[in-house]
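Data first, discussion second: the structure below is written as structure tokens.
The values are calculated or read from the model by the stated rules, or taken from the named source; none is laboratory data. These figures come from a predicted structure and were not determined experimentally. Positions of Cβ are backbone-derived with ideal geometry, glycine not excepted, and every protein chain shown enters the neighbour counts. Just so you know, the surface numbers come from the protein's heavy atoms only, side chains and all, with ligands and any DNA or RNA stripped out. Shrake-Rupley method; radii C 1.70, N 1.55, O 1.52, S 1.80 Å.
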Amino acid sequence: MNNCENYRFIERHRPFRDLTFKFYSDGKLTIIDNTAEEVISPKELRGESYDFYVRRRIAFIKQDLHEKRDKYA
């Protein structure tokens, strides 16, 4: 089963993008610019939206490692 965690992030500085981050349990990621209604890549993130992405990705990796450790320990 492929679970998905959704996070919404609205930038406080220009360009004020409204973004949805979808982190899938298999490691895939989708970032949607809600205003432009298009998918963007992590390379297109800057400033606080990039910081948000990195923090959520690290948290996701840590959670995945804990789950695997508990499963196989």
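Where residues in region 1-48 are polar (S, T, N, Q) and touching a strand residue (DSSP E or B) at 6+ places or on another chain (Cβ under 6 Å), which of them is surrounded by the fewest Cβ atoms within 10 Å (Cβ to Cβ)?
Result: ASN2.
Can you name the residue in region 14-26 that is touching a helix residue (DSSP H, G or I) at 6+ places or on another chain (Cβ under 9 Å) and farther than 15 Å from GLU44 by Cα and, of all such residues, is modelled with the lowest pLDDT?
By that ranking, first place goes to SER25.
Having 3 or more residues that are in contact (Cβ under 8 Å) with a residue 40 or more places away in the chain is the bar; report the strands (runs of 3 or more DSSP E) wholly within the chain that clear it.
Once the strands (runs of 3 or more DSSP E) in the chain are filtered for at least 3 residues that are in contact (Cβ under 8 Å) with a residue 40 or more places away in the chain, what remains is 4-10.
Examine region 57-64 for a residue that is of a type in the set (Gly, Ala, Ser) and open to solvent by less than 90 Å² (accessible area, probe 1.4 Å), and state whether such a residue exists.
yes
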